[in-house]
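What follows is one structure encoded as structure tokens, with my remarks underneath.
Since every read-out is calculated from the coordinates, none of them should be taken as a lab result. Quick caveat: nothing in here was measured; it's all calculated off a predicted structure. Cβ: placed from backbone, ideal geometry, glycine included. Neighbour counts: every protein chain shown.
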Amino acid sequence: MSGYLLNRVAQALFVLWAAFTISFVLLQAMPGDAILIKFQNPDLGLTAQQVAEIRASYAVDSSVLVQYARTIGKFVAGDFGYSVQAGVPVASLLAAHLPATLKLAALGFLLAAVLATAIAFLSSLAPFAWLRGALQSVPSLFISIPTFWLGIMLIQLFSFRLKLVPVINPGPWQELILPVATLAVPISAPLAQVLVRNIDEVLTRPFVAVARAKGATRLWVLWRHVAKNALLPTLTIAGVLFGELIAGAVVTETVFGLNGIGGLTERAVGSQDTAVLQAIVVLSALAFVIINLTVDLLYPVLDPRLRTKTGAVA
Amino acid sequence: MTVIPAPITPVLEVEDLSIAYRDGSGERRAVHDVSFRIDPGEVVALVGESGSGKTTTAQSLIGLLAQNGRVERGSIRLNGTDIARWTDRQLDTVRGARISLVPQDPGSSLNPVKTIGSQLGEIFRIHTKLRSDEIEARVLSLLARVGLSEPALRARQYPHELSGGMRQRVLIAIAIALKPQLIIADEPTSALDVTVQKRILDLIDELRAEYGTAVLLVTHDLGVAADRADRIVVLKDGRIQEQGATGAILAAPRSPYTKQLLSDAPSFSAPPRLAAVRPPVAHVPDDIVVVDGLAREFVREAGGPPLRAVDDLSFRVRRGTTHAIVGESGSGKTTTIRSIVGFDRPTAGRIEIDGTDVSRLTGEGLRQFRRKVQLVYQNPYGSLDPRQNVLQIVTEPLANFPGFSRSDREEKARAILARVGLPEEALGRRPHALSGGQRQRVAIARALVLDPQLVVLDEAVSALDVSVQARILDLLDELQSELGLTYLFVSHDLAVVRQISDTVSVLKDGRLVDGGTVSEVFENPRSDYTRELINAIPGRKRRAAA
Amino acid sequence: MTTFDTLHDDGVSQTTRKGEWRPGAASRLRRVPVGLGLAWLILGTVLLWAIAPSLFTAFNPLEGVGGEQLRRPSTEHLLGTDALGRDLYARIVHGAVHSLTGAFVAVGLGLVVGTALGVIAGSVRRRLDDAIMRVVDVLLSIPPLLLSLSIIILLGFGTVNAAIAVGVTSVAGFARLARAEVVRVRRSDYVEAAFGSGGTFASVLWRHILPNSLTSVVAFAALQFGSAVLQISTLGFLGYGAPPPTPEWGLLIAEGRNYISTAWWLTTAPGIVVVLVVLAANRVSQSFGRAAA
């Protein structure tokens, strides 16, 4: 077991290192140059020599390998470099923007989970075929809606037409209602699809017929036999959902003008602020790796089949 | 029958039952006007091949038809009350308490993420108001009653920690927990090894006698029905062919279908090869297969000593004869034949096929060797490429070797397909459009098209219905005498083995426990294990009577 | 019959039964589900928009008509006009080519590179397989949008670059699926039987492994097509795709945002078109998947 754990951690570290390297190659080897963009602006009135000095101070002229080694050392120490655009350390920039995104993502994910579970379980209990069909087609509709458009539509409908949610000076929770709803839709869709498929699959297994033959009601079987068996495999898409969550956050924050990591990402791309973008990429990979590691370690706890066997296997 | 006794109320009385399934184009009837009754304490066997409607009938009795199934008409009277049109809510009070179910496949019939104890205790929680400590006591005594050692440990274990036989005992414990009046046993042993099969059926018999419960035994195996049932109902294509007391049906079947079934069932037929035409000429050096000291070890993932799947196995097969390798799951029979056909490399020992040492072959040598030895798989569904048609499947082996033009290949394939009895119009079809028997004929044709000398048949008829099985066995027999083939016939079914083999090796836990000619092994088994296997062959009653 | 009887299937009765149970190919064609027919209709229309936009609209998508600004949908301007007096319907029709080529490039890239990697990983020995799958793991560890943003920074903004960025994110998915399928098919009895009848590695790969594993890859490609349309419109919306005044769908929605309180049609109409195209692609993918099963 400890050997397995070590192996998994080593694998996770490798993925993390490789993600860093890929992002470094993509972002540091790029032709565009944030420093030039910012300081060559004629309004600043800097001479070519002054620009060169600034460039030297950012060490952009040393060889790529030296930069790579230096950057990786700094990342390990928690120093993500300087944002050229904002003129502050990336770490403090992230720290300032993270809470807003965490709040949005947590609420969005929660709503998505509730939505997906409700769709999946209600559709398997639905007494009529048409209702079942309608509920089951909700996820495929959700998955086809562009998130940014959904946000705009919600603003249009609820803020401008129905005037239910104010656009100007909303309260701290009011301003989250529409973004959370927007974010929940693309997250709930894959979750609901996997759940519906799992429930359908588990319902065909012989042990469900045996439970029914014991005299258990449909609801009893769904709750005590199907639920756990259907929910377990959804853990495996946790990583995918995290990716959706990041993409959703970028778009949602842009549409609603929220000041989180997503908005920061959008501005960093616009101004080619590579240090910021690289830090975000590496941190997301870290989060992804931690999520998957947790799932891998949690799975045997939840699924008895993956525990080490005890007793007679005669 | 002149004195009519006071009529006993039957536990179950089915009258004119018709069941239909809805599908895309409308309704299709699967069960037609079926009527039968089960008296208290009686065992009634519902016998039929696949598609006979026996499982559909059984499911309808307990209200568990598939979603698209519907009872069209007829009645199902439980103690005189018609339950055929009851709602789920009404049926919930009956299921488990008055009618219970022993399912077919113990492997998947228990919830993998719940303990044995909680799944057995569940039936008390559904139907009774017992306290949890009372439930636990009942669970432990039931587990002990169905013959599980250490009930307290078993109750805490999960299904995957138990063997198939143990799981089926747990399912039986669930079925008898509330002492129902009727147990529906749907092919309760077809997924189990033969020796386990007998023990499970013995257990059901014993409990039935003890509790006075009636049993509806759904089975494809007439031998099992003959041994266990008081009365037999024979179904075909959703219609009853014949029903009556077991002895009467076996002694004098009236319907042609029952007669056919009786003559096809290998457990009933007299062993034909005991008077083998081929005299066992000793020491003629024409052994096509020589296996000497074969061993195969697998490294365990969990560590520890390697697993010995095959241990010091030796046998010989004379050219033109059939040698059977018999064993239950885990006996090493599959590993052995995989080594023989060159898909697996033994850890030690020598395998010589027609003078070639197989274990030394690699690359091109191995490829050329394949012309001599062909394997026919158990599952004809999985061994045929779903995207090829029959003709493509059979011509493909020829395309792997030089010397055949396209027209040669096609001509040869057509000839062999005609020989195995496949109709001309089937040549353009894909496997899914063929029946199970036809698929296995295609697989045999593919094996024979390269003119091999040795054909290894890996449970090649086990997945087929008896009547289909009988035809395929006849075909194999004809082909052998025509083409001078040697068969290595791997099976768990001793009745079939006795019918078609000349010599036998009996394997247990990777070791040879018995071997010799069929008559030697069947009449004078040297090991207790072989004796147990022979005793486990169903249909003994009938054979004894004959 | 249900699962109980699947192992023992009978010769004669099965064939006759099949005749009754299963509709033949011809009758199946006659009964193409309405939804699927509609999906193909949508995709076909959009494809025609991309090939010959002038057949569908006479308006110029790039130049507005003076005095016709921000008109509501009417018989003249089916979907209204924008702030520069350009016909929105014309802009959507002319925008199809950008979204479709983008999606085709993206899916093509993922399909070719990803499937090649997956097939190689699935058919070769352990070392190379492990190496390829580690790379795939790494690609999967970076959230797709961030990966495509990084690539866009490297390549610069534009329709094709956005398409490449989206394509790269789907490589890992294709590779994983293709490998899993190849491994599944390799384990099947019919592949072993093909080796057993003297097949060489190359012939078995070509005759059995590829045809049987690529069906689900094709279904996945159709699914990815919808997702690529979605992702490209997202990049367009964020301003990293085609530059204005290109009528790319995501960009149309972004531009319409400024008039959200006055001209609802500017955001609503292009969004509905995107949703319909994605839904249609997913429906078609589903039908491929079913045919493969």
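Values computed for the structure shown
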read-out	value
Loop-resident sites, segment B:227-259, for trypsin sites (Lys or Arg not before Pro), counting at most 15 other Cβ within 10 Å (DSSP)	B:R254
0 to 90° range, to nearest 10: angle between helix A:274-302 axis and chain A longest Cα axis	20
Partner chain coverage, peptide B:236-242 - average Cβ within 10 angstrom	1
Overall dimensions of segment B:387-546 by Cα: Rg and Dmax, Å	18.5, 58
As computed over chain C, the Cα convex hull volume per residue (Å³)	189
Spherically averaged projected area in nm², based on the convex hull that wraps the Cα atoms of segment C:117-231	7.9
Between helix A:90-125 and chain A: long-axis angle, C-alpha atoms, 0 to 90°, nearest 10	20
The protein assembly as shown, dipole about Cα centre (Lys/Arg Cβ +1, Asp/Glu Cβ -1), debye to the nearest 20	1000
Under 18 Å, Cα to Cα: Lys pairs in chain B, sequence gap 8 or more or different chains	8
Peptide B:101-114, shielding by other chains (average Cβ, 10 Å cutoff)	6
Binned Cα-Cα distances of segment C:219-269, short to long, each 10 Å bin given as a whole percent	28, 43, 24, 6, 0
Ranked by how many other beta carbons lie within 10 Å on average, peptides B:425-434, A:277-286 from highest	A:277-286, B:425-434
Note, ³J(HN,Hα) from phi for segment A:199-213, Karplus 6.51, -1.76, 1.60, rounded to Hz, x at Gly and Pro	4, 4, 5, 5, 4, 8, 6, x, 5, 5, 4, 5, 5, 5, 5
All-pairs Cα distance distribution in segment C:37-80, expressed in whole percent, bin size 10 Å	23, 41, 30, 7, 0
Hull-based mean projected area of segment C:167-250, where the convex hull spans the alpha carbons, in square nanometres	6.6
Rg/Rg_globular for chain B, with Rg_globular taken as 2.2 N^0.38 Å and Rg from C-alpha atoms	1.07
Cleavage-rule hits, trypsin sites (Lys or Arg not before Pro), segment B:116-212, DSSP coil, Cβ neighbours within 10 Å at most 10	B:K129, B:R131
DSSP H segments from chain C that extend 18 Å or more along their own axis, Cα-based, with Kyte-Doolittle mean of 0.0 or above	C:34-51, C:88-109, C:126-141, C:159-187, C:210-238, C:265-292
Kirkwood hydrodynamic radius of segment B:1-101, Cα pairs, Å	14.6
Percent of C-alpha pairs per 20 Å bin, the protein assembly as shown, short to long	10, 33, 34, 19, 5, 0, 0
When the convex hull of its Cα atoms is projected in every direction, mean area for chain A (nm²)	23.2
Positive minus negative residues near B:V326 (Lys, Arg vs Asp, Glu; Cβ under 9 Å)	-2
Shielding by other protein chains, C:150-157, mean Cβ within 10 Å	6
